[in-house]
1. For region 36-61, enumerate the residues that are in contact with a helix residue (DSSP H, G or I) (Cβ under 9 Å, 6 or more places away or on another chain) and surrounded by 12 or more Cβ atoms within 10 Å (Cβ to Cβ).
2. May I ask you to verify whether G128 is modelled with pLDDT under 95, of a type outside the set (A, V, I, L, M, F, W, C) and in the same structural domain as Y62 (by TED's automatic domain parsing)?
3. If I filter region 47-84 down to residues being within 17 Å of G18 (Cβ to Cβ) and free of Cβ contacts under 8 Å to residues at least 40 places away in the same chain, which single residue comes out as farthest from the chain's Cα centre (by Cα)?
4. Inside region 1-56, can you point out the residues that are of a type in the set (K, R) and either more than 19 Å from R114 (Cβ to Cβ) or at pLDDT 90 or above (or both)?
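The values are calculated or read from the model by the stated rules, or taken from the named source; none is laboratory data. Worth saying up front: this structure is predicted, and the values here are computed from it rather than measured. Cβ sites come from the backbone with ideal geometry, for glycine too, and all protein chains shown count toward neighbours.
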Amino acid sequence: MSVARFWRETPRRYNLGGSKCTTCGTVYFPPRSVCPECTSHRQSIEKMVPFQLSGDGEVISYTIVHDAAEGFEMQVPYVVALVQTVEGPILTGQVVNVEPDGVRIGLKVRATFRKLREEGKAGVIHYGYKFAPAEESGGRRPAGRTGTVPATEAPARDRAPA
């Protein structure tokens, strides 16, 4: 990926920035410029607004990966899940901070940003979202907290190989 494209996509990658149709209220991630839900797609032209997803959601399906793709061999087994966000969009992501047998349908999770990979020894470091179980206290985060964990605090098994 080029550096220019990397920086252009930063807001969406690090903020779960989507879009919302002001005509029908449907939320999308990644953002869209036209709403396919509106009866006439033309209704939504110039009516899509930026929308910040909270990152809170629930696992609706998942699988445990035992045969990892190249570059992820050190992380197996790991869980990849479909997460229904509270705003509506379904996101795919790895579930971290829990053993694979602890993941279940209905598990409340929250997006957290982690290091995914880096391009070469001196290249761009790519971060992205993964999901971690929500706090036990009713799944609500304390006021003022963003719900993200700095990549430097990620457990070793969750870090991308160097």
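1. Of the residues in region 36-61, the ones in contact with a helix residue (DSSP H, G or I) (Cβ under 9 Å, 6 or more places away or on another chain) are 36-38, 50, 52-53.
Of everything in region 36-61, those that are in contact with a helix residue (DSSP H, G or I) (Cβ under 9 Å, 6 or more places away or on another chain) and surrounded by 12 or more Cβ atoms within 10 Å (Cβ to Cβ) turn out to be E37, C38, P50, Q52, L53.
2. Details: modelled with pLDDT under 95: yes; of a type outside the set (A, V, I, L, M, F, W, C): yes; in the same structural domain as Y62 (by TED's automatic domain parsing): yes.
Against the criterion (modelled with pLDDT under 95, of a type outside the set (A, V, I, L, M, F, W, C) and in the same structural domain as Y62 (by TED's automatic domain parsing)), G128 qualifies.
3. Initial filter on region 47-84 (within 17 Å of G18 (Cβ to Cβ)): 47-57, 82-84.
Filter again for free of Cβ contacts under 8 Å to residues at least 40 places away in the same chain, leaving 47-52, 82, 84.
Numbers: K47: 25, M48: 21, V49: 20, P50: 17, F51: 15, Q52: 12, L82: 10, Q84: 11 Å.
Only one residue fits best here, namely K47.
4. Filtering region 1-56 for residues of a type in the set (K, R) gives 5, 8, 12-13, 20, 32, 42, 47.
Within region 1-56, R5, R8, K20, R32, R42, K47 qualify.
For (1) out of contact with any strand residue (DSSP E or B) (no Cβ under 9 Å at 6 or more places or on another chain); (2) over 18 Å from R104 (Cα atoms); (3) in the same structural domain as R104 (by TED's automatic domain parsing), each residue gets a yes or a no:
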{"residue": "F29", "(1), (2), (3)": "no, yes, no"}
{"residue": "S33", "(1), (2), (3)": "no, yes, no"}
{"residue": "T39", "(1), (2), (3)": "yes, yes, no"}
{"residue": "Q43", "(1), (2), (3)": "no, yes, no"}
{"residue": "K47", "(1), (2), (3)": "no, yes, no"}
{"residue": "S61", "(1), (2), (3)": "no, no, yes"}
{"residue": "I64", "(1), (2), (3)": "no, no, yes"}
{"residue": "A68", "(1), (2), (3)": "no, yes, yes"}
{"residue": "A81", "(1), (2), (3)": "no, no, yes"}
